[in-house]
1. Is it the case that A241 is of a type in the set (G, A, S), away from the ligand (no atom under 16 Å from the Cβ), modelled with pLDDT under 95 and under 20 Å from G170 (Cβ atoms)?
2. On the basis of being buried (at least 17 other Cβ atoms within 10 Å of the Cβ) and on the phi > 0 side of the Ramachandran plot, does G134 make the cut?
3. Would you confirm whether or not the stretch 170-177 contains a residue that is more than 18 Å from the chain's Cα centre (by Cα) and not in a loop (DSSP other than H, G, I, E, B)?
4. For the structure I just gave you, tell me whether G251 is crowded, with 22+ Cβ neighbours inside 10 Å and on the phi > 0 side of the Ramachandran plot.
5. Restricting the search to the stretch 208-244, which residues are of a type in the set (D, E, K, R), farther than 30 Å from G298 by Cα and part of a helix (DSSP H, G or I)?
6. Take the stretch 266-311 and flag every residue that is within 12 Å of the ligand (Cβ to nearest atom) and assigned to a helix (DSSP H, G or I).
7. (1) of a type in the set (K, R); (2) within 16 Å of the ligand (Cβ to nearest atom); (3) in contact with a strand residue (DSSP E or B) (Cβ under 6 Å, 6 or more places away or on another chain): which one isn't true of R203, the others all being true?
8. A198 - would you say it is touching a residue at least 24 places away in the same chain (Cβ under 8 Å), in a loop (DSSP other than H, G, I, E, B), within 26 Å of Q301 (Cα to Cα) and more than 16 Å from the ligand (Cβ to nearest atom)?
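The values are calculated or read from the model by the stated rules, or taken from the named source; none is laboratory data. Keep in mind the model is a prediction, meaning the values are calculated, not measured. Ideal geometry is used to build each Cβ from the backbone, glycine not excepted, and the neighbour counts take in all protein chains shown.
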Amino acid sequence: MRRRMFLVLGAAPLFVARAARAQSDADPSSWSRKPALRVLLGSGAATAVGGDLFTFAGRPYRGTFTRLDDGRIVNLVDLEEYLYSVVSREMSARWPIAALEVQSICARTYVLQRSDPRREYDLIPSELDQRYDGVAGETPGGTAAVDATTGQVLKYGDAFATIAYSSCCGGHTEASSDAWGAAPIPYLEGVVCTWCSASPNYRWSTALPLEQIAGRLSTYLGPIGTLQDLRVTQRDPSGRARGFELVGDGGSAVVSGAVFRRAVGSRVLPSLLIERLERDGGAGQVSVDGGGLGHGVGLCQWGARGMALAGRQPAEILPSYFPGAVLAHL
Ligand SMILES: [Zn+2]
């Protein structure tokens with residue numbers, strides 16, 4: 001997750017069952033009895049197969065569907081049934097049940113905080129929101145975790161908490177305001193995490209070819225010539241790089257950490273928690289040592305796994321990563 005749109009705190013409206021300006025392909029009475037979540041699946045063939053299932057692009061989905069004016073298909077699905085698929089896509093179903101329960105609560109809260117009936121749909125099924133593959137994404141472990149936490153959410157005051165999560169924080173989570181430049185959120189200020197060292201990305205090393213970086217950041221390089229070196233200019237309190245200086249043969253330019261990682265690629269640079277960055281002699285590259293995978297804001301998923309393996313329950317795990325937010329029931 002990655003990667004997630006960030007919205008200001010506020011009481012989320014309940015879902016509306018009927019998508020405005022949407023043309024229903026199914027019996028509306030089948031989905032108007034209870035609130036439905038609207039997930040944009042995209043363009044493709046959708047066919048009802050009976051029961052509470054249909055297929056989209058040949059894959060089975062729960063609920064029903066409707067078609068937007070532009071032809072795209074929106075899945076109308078019960079929130080809990082949507083979560084069956086999301087939890088096992090966002091976290092390994094082989095992980096301890098308490099970690100999967102934490103993921104369920106986070107995914108549920110994310111949806112409720114974000115839902116806005118004024119839009120044509122609530123979510124897209126990718127990591128830009130949450131990964132969702134319909135029935136094909138479901139596993140017994142993920143389903144059990146969702147069922148065990150039915151109706152449980154994270155709140156701050158009367159509002160649903162703003163949720164973010166990523167794979168591994170590398171030892172310190174990131175403040176939302178440092179990651180995205182938005183106003184600080186009290187329970188997303190960044191905390192020490194001592195639980196994620198089992199992640200294969202807890203510490204990593206990589207090499208970035210200068211030519212490749214120059215190609216990705218060419219708009220910044222015009223005035224400074226050929227890229228010769230790279231430096232971290234500033235770090236935020238979590239240790240993540242706030243800025244990079246691009247050193248050219250005719251001058252230098254500074255880009256923000258977020259711009260740099262987006263341009264270079266989040267798979268090329270696993271995180272901005274960079275411990276060492278050095279020019280490699282004549283190799284035409286910089287070698288980088290760092291920690292963590294993802295933006296680091298909010299829940300550290302590998303940290304939740306570590307706490308769950310130590311016997312901690314969601315009521316203990318969630319406040320560790322969202323201090324001040326409270327586990328509540330709908
Ligand atoms: Zn962590």
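1. So A241 fails the test.
2. Considered against the rule, which asks whether it is buried (at least 17 other Cβ atoms within 10 Å of the Cβ) and on the phi > 0 side of the Ramachandran plot, G134 comes out as yes.
3. The answer is no; no qualifying residue exists.
4. no
5. E211, the sole residue that qualifies.
6. Scanning the stretch 266-311 gives Q301, W302, G303, A304, R305, G306, M307.
7. With respect to (1) of a type in the set (K, R); (2) within 16 Å of the ligand (Cβ to nearest atom); (3) in contact with a strand residue (DSSP E or B) (Cβ under 6 Å, 6 or more places away or on another chain), R203 is out only on (3).
8. No: the conditions fail for A198.
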